[in-house]
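Here the structure comes first, spelled out in structure tokens, and everything after it is commentary.
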Amino acid sequence: MIGQGETRNILVVEDEFIIACDIIQGLTRRGFSAHGPVATGEEAVSLSGRLKPDVVLMDIRLAGAMDGVDAAAVIERLYAIPVVYLTASSERATIERAMATHPLGLMLKPFDADRLAEMLAAAPRRKES
């Protein structure tokens, strides 16, 4: 599904293990190389630095002290890796806070897996730093 025979590396940051496994399985079936699951913002920042994925798929609410919005801001600043939020939170203040980090996209759960795969496949490559 990705096209051009190109594998896209996606880091999945989701603190609900069953949901994370479902996302990873769905991405793998669609030709992505999905890493994770990662349950905390702190782990997401650390693993992003080591793996240098093409895109980070980030839940907003995470376990640990750092939520997804804070983690996304650090990942963008340190590694210039684009983030797509995948969240169940539809509260206006939360969405506005997330959008202020200039994500590649934001999808609300439940989500359409094919639409998510299209968004991730179209993501620009991570800027080399």
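For the residues L86, L106, the requirement of being outside any loop (DSSP other than H, G, I, E, B), of a type in the set (A, V, I, L, M), in contact with a strand residue (DSSP E or B) (Cβ under 8 Å, 6 or more places away or on another chain) and touching a residue at least 60 places away in the same chain (Cβ under 8 Å) singles out L86.
Among the residues of the stretch 110-117, is there at least one that is surrounded by 14 or more Cβ atoms within 10 Å (Cβ to Cβ) and of a type outside the set (A, V, I, L, M, F, W, C)? For the stretch 110-117, residues surrounded by 14 or more Cβ atoms within 10 Å (Cβ to Cβ) and of a type outside the set (A, V, I, L, M, F, W, C): absent. Considering the stretch 23-34, and only residues there that are of a type outside the set (A, V, I, L, M) and touching a helix residue (DSSP H, G or I) at 6+ places or on another chain (Cβ under 6 Å), the residue that is surrounded by the most Cβ atoms within 10 Å (Cβ to Cβ) turns out to be R30. Is it fair to say L57 is closer than 24 Å to D22 by Cα and part of a strand (DSSP E or B)? Yes. Out of T101, T94, T87, one residue alone is among the β-branched types (V, I, T) and either more than 23 Å from F17 (Cα to Cα) or surrounded by fewer than 13 Cβ atoms within 10 Å (Cβ to Cβ) (or both). It is T101.
Within the stretch 56-65, can one find any residue that is buried (at least 24 other Cβ atoms within 10 Å of the Cβ), touching a residue at least 60 places away in the same chain (Cβ under 8 Å) and within 23 Å of K109 (Cα to Cα)? Within the stretch 56-65, one or more residues are buried (at least 24 other Cβ atoms within 10 Å of the Cβ), touching a residue at least 60 places away in the same chain (Cβ under 8 Å) and within 23 Å of K109 (Cα to Cα).
Just so you know, all these numbers are worked out from the coordinates, no wet-lab data involved. Quantities reported herein were computed from a predicted structural model and do not represent experimental measurements. Reconstructed Cβ throughout: ideal geometry from the backbone, glycine too, with neighbour counts over all protein chains shown.
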